[in-house]
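Below: the structure, in structure tokens.
The values are calculated or read from the model by the stated rules, or taken from the named source; none is laboratory data. In this text, all values refer to a predicted model and were calculated from it rather than measured experimentally. Ideal geometry is used to build each Cβ from the backbone, glycine not excepted, and the neighbour counts take in all protein chains shown. Ligands, DNA and RNA are stripped out before the accessible areas are found, and what is left, the full protein with its side chains, is counted by its heavy atoms. Shrake-Rupley method; radii C 1.70, N 1.55, O 1.52, S 1.80 Å.
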Amino acid sequence: MQFGIFTVGDIAPDPVGGHTQSEAERISNMVGVATRADEVGLDVFAVGEHHNPPFVPSSPTTLLAHIAALTKNIMLSTSVTLMTTNDPVKIAEDYAMLQHVAKGRLDLMVGRGNTVPVYPWFGKDIRQGVALALENYNLLHRLWREDVVDWEGEFRTPLQGFTSTPRPLDDVPPFVWHGSIRTPEIAEQAAYYGNGYFANHILAPHLHFKPLVDFYRERFEHYGHGTKEQAIVGLGGQSFIAKRSQDAIRTFRPYFENYPVFRGSSLDDYMASTPLTVGSPQEVIDKVMTFRDGFGDYQRQLFTVDSMALPVEMALEQVELLGTEVVPVLRREMDARRAPRVPEAPTHASLVADKYGTSAPRQPRPNPNRGDNLSGASPYQDSDPAVEAHFPLAV
Amino acid sequence: MSHVPVDSLERPLRLVIVSAGVSEPSSTRLLADRAAQATLDLLREEGLSASVTAIELAPLATEIAQAIVSGFPGRKVQSAIERLAEADAVIASTPVYKAGVSGLFKSFVDVLDNDLLIATPVLLAATAGTARHAMVVDEQLRPLFAFLRALSVPTALFAAPEDWGDSALSARIRRSANELAGLLRNGVGRSIGESGWSGYQHQFGGNAEGAERRVGDVDFTTDLMQLAAGGRAIP
């Protein structure tokens, strides 16, 4: 099972110390949190995508490429890549490049996004959000699997003879999770492709997401990817840990009570009725085990530890506590209880093995520039000769 | 007309009172109780059994406000919503504050699923300190329940202090109860709801009795579902 952290890169005034991080500090701190997560042996670091203050991660692939160079083992991911307001061609290109420089330590979680003005800023209509996410992912899926793509759809200009470059590493696309908390259509798409399904598991009551996770599992089985127990499920969550339970609550309380998203809620009610976990390492362990009771065996558990204006020293300490006191026990407990034949989340290595077995992975080698900056009808030396690229004509 | 005959339901009919009264005792609750009792009496005369439960909004006031700002109902409000979802008929009673329905009443209705009361028979009632605001029921409560697509009975109940000793109020209570019992007896609400369910907008995992919660409830032939399974968006 994969355990890790995710961040949305938000900035807010520290209600205790009074300091507000600058964007420069926040970016630097996020990198520090990621490298610490790698050092303590966490499996995943994911960053969200936002396009307005008070968030900084407008360019997840730029940030993650930098973090890839500074880390050794941790898998990089997103929480989430916007599947609605980004051009799927750019997603295909940017994340394939990231996959290369990260040497395969990458997957991504895609979603609609929840900030209203981002749609008009990027020329899209929020009322089409679900259709956009669905159509865009259908295109992304093809761009990463077909050397030459001819495509028409509703939300983007048509593609003729297009090759997304670079081809994915080893010609194996990064694994994709669909992050969704509201709509069965997105869960259906995840199930159709055999992709993963991720529920952010924050800001909502216990098991609020269970009907959609169950729906995804059944449809995963319907589409023949495995049994419903074998579907690939991930959960988010929020935690704050201290050795002593009362210290955790005391320290966390002012951050909770001063953060606008939690206005009107009491910390005690929130802890009792939602997945928010504030307490000792053992309490966090016990609570996460109840997630398994509710959702079945799952493959990825991420925690948000650096939002809500927590100073970076505190966030780093949370990463250490997770990595040294909580996750090793959870790993053992989850492994001990996992039903046989329930798979782990796919990794680059496992996907390469699935595709090639013991043979060497395909390494696409392009045909040369024929004089017009293009490779001609066949982009790679081993491209299928029956598939020819016909380019759009310039008038 | 196809319908589920009420005597084949094999369970008592469920009347649910929603009262926004805050006094103890509450005239708002009393008006609803009298309407409920009159309805039960009429149903019993026809051999139909029914139960009455009451949702008092005053003890839920802070949870209702929290549900509005957090987007999620707490345990007690969720329980009230689920009881309403199962109701065969609702008696809604509110005090009149500032010439309108009480904010507490409206706040509670604001956190209900939009499809919770589709075609549910509803009896509308209000109390006030003066007869001047008698139109609140027809002018404010009725449009609110029209939005919810409920089946509101024609006769609105309203009681000002001077009405309580008046036999005309008792006669109106019996009249509205007769209307509510009539809708219940024929099962017309259930029939409309079940036959026309897919024509209304719903949210997956919602609280309504017919809400999509499982694969078997979902319509996979919609454009979006076909797009989700690798199809094309058709403009």
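Summary of computed values
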{"read-out": "Point-charge dipole on Cβ atoms (K/R +1, D/E -1) for the range B:1-136, about Cα centre, debye to 20", "value": "520"}
{"read-out": "For the range A:346-395, fraction of C-alpha pairs farther apart than 14 Å, in %", "value": "65"}
{"read-out": "³J(HN,Hα), Karplus 6.51/-1.76/1.60, whole Hz, each residue of the range B:181-190, x for Gly, Pro", "value": "5, x, 5, 5, 4, 8, x, 5, x, 4"}
{"read-out": "DSSP bridge orientation in the protein assembly as shown - percent antiparallel, rounded to nearest 5", "value": "10"}
{"read-out": "Cα-based Rg of the range A:72-152 normalised by 2.2 N^0.38 Å, two decimals", "value": "1.16"}
{"read-out": "Solvent accessible area, Å² - residue A:182, 1.4 Å probe, full protein context", "value": "120"}
{"read-out": "Residue A:6 long-range amide H proximity, modeled H, under 5 Å", "value": "A:46, A:303, A:304, A:305"}
{"read-out": "P(r), alpha carbons of the range A:1-110 - 10 Å bins starting at zero, rounded %", "value": "14, 47, 31, 7, 1"}
{"read-out": "Relative contact order (%) - the range B:53-187, alpha-carbon pairs under 8 angstrom, separation at least six", "value": "22"}
{"read-out": "Cα-Cα P(r), the range A:39-78, percent of pairs per 5 Å interval", "value": "6, 24, 29, 20, 13, 7, 2"}
{"read-out": "Per residue accessible area of the protein assembly as shown, 1.4 Å probe, in Å²", "value": "44"}
{"read-out": "Taking N as its residue count, the alpha carbon Rg of chain A over 2.2 N^0.38 Å", "value": "1.01"}
{"read-out": "Trypsin sites (Lys or Arg not before Pro) lying in DSSP loop within the range A:32-103, provided at most 14 other Cβ fall within 10 Å", "value": "A:72, A:103"}
{"read-out": "Sparse-neighbourhood loop sites, GluC sites (Glu not before Pro) in the range A:294-367 - DSSP loop, at most 13 other Cβ within 10 angstrom", "value": "A:344"}
{"read-out": "Chain A - percent relative contact order, Cα under 8 Å, separation 6 or more", "value": "19"}
{"read-out": "Share of carbon and sulfur in the accessible heavy-atom surface of the protein assembly as shown [1.4 Å probe, %]", "value": "52"}
{"read-out": "Mean ellipticity per residue at 222 nm, deg cm²/dmol - from DSSP H runs of n ≥ 4 across chain A, formula -39500 (n - 2.57)", "value": "-11500 deg cm²/dmol"}
{"read-out": "q = 0.10 Å⁻¹, chain B: log10 I(q)/I(0) [Debye, one scatterer per Cα]", "value": "-0.49"}
{"read-out": "Derived scalar couplings ³J(HN,Hα) [the range A:34-41; Karplus, 6.51 cos²θ - 1.76 cosθ + 1.60; whole Hz; x for Gly, Pro]", "value": "5, 5, 5, 4, 5, 4, 8, x"}
{"read-out": "Size of electric dipole in chain B: Cβ of Lys, Arg +1 and of Asp, Glu -1, about Cα centre, debye, nearest 20", "value": "260"}
{"read-out": "The range A:32-179: Rg to Rh, with Rh as the Kirkwood radius over Cα pairs", "value": "0.97"}
{"read-out": "Gap separating the Cα centres of the range A:94-139 and the range A:160-190, nearest whole Å", "value": "9"}
{"read-out": "The range A:279-395 - percent relative contact order, Cα under 8 Å, separation 6 or more", "value": "19"}
{"read-out": "Whole-Å semi-axes of the ellipsoid equivalent to the range B:12-61 (Cα gyration tensor, √5λ, descending)", "value": "24, 11, 5"}
{"read-out": "Dipole magnitude of the range A:246-368 about its Cα centre (Cβ charges: Lys, Arg +1; Asp, Glu -1), debye to nearest 20", "value": "800"}
{"read-out": "Diffusion constant of the range A:220-272 at 20 °C, which comes from Stokes-Einstein with the Kirkwood Cα-pair radius and 1.002 mPa s, µm²/s", "value": "152"}
{"read-out": "Positive-end residue, the protein assembly as shown charge dipole about Cα centroid, Cβ charges, pick of A:350, B:124, B:112", "value": "B:124"}
{"read-out": "Chain lengthening between residue A:317 and residue A:362 when straightened (0.36 nm per residue, less Cα-Cα)", "value": "11.9 nm"}
{"read-out": "Exercise: per-residue mean of other protein chain Cβ atoms within 10 Å, B:219-231", "value": "6"}
{"read-out": "Expected 222 nm ellipticity per residue - DSSP helices of 4 or more, -39500 (n - 2.57), all of chain B, to 500", "value": "-11500 deg cm²/dmol"}
{"read-out": "Radius of gyration and Dmax over the Cα atoms of the range A:172-269, both given in Å", "value": "17.3, 49"}
{"read-out": "Other-chain or far-sequence residues with amide H under 5 Å of residue B:159's (modelled H)", "value": "B:126, B:127, B:128"}
{"read-out": "For the range B:95-210, projected area of the alpha-carbon convex hull averaged over all directions, nm²", "value": "7.7"}
{"read-out": "Within the range A:108-207, percent of DSSP bridges classed antiparallel, to nearest 5", "value": "25"}
{"read-out": "Orientation-averaged projected area, Cα convex hull of the range B:154-235 (nm²)", "value": "9.2"}
{"read-out": "Chains A and B together, accessible area buried on both sides, 1.4 angstrom probe, square angstrom", "value": "2100"}
{"read-out": "Sorted largest first, extent of the range A:237-323 alpha carbons per principal axis (Å)", "value": "35, 29, 21"}
{"read-out": "Unit charges at the beta carbon, dipole of the protein assembly as shown: most positive-side option, A:118, B:91, B:66", "value": "B:91"}
{"read-out": "Globularity ratio of the range A:166-212, using Cα Rg and 2.2 N^0.38 Å", "value": "1.42"}
{"read-out": "Charge-dipole axis of chain B as Lys and Arg at +1 and Asp and Glu at -1 on Cβ define it, positive-most pick from B:229, B:9, B:204", "value": "B:204"}
{"read-out": "Computed Rg/Rh of the range A:298-395, alpha carbon atoms with Kirkwood Rh", "value": "1.25"}
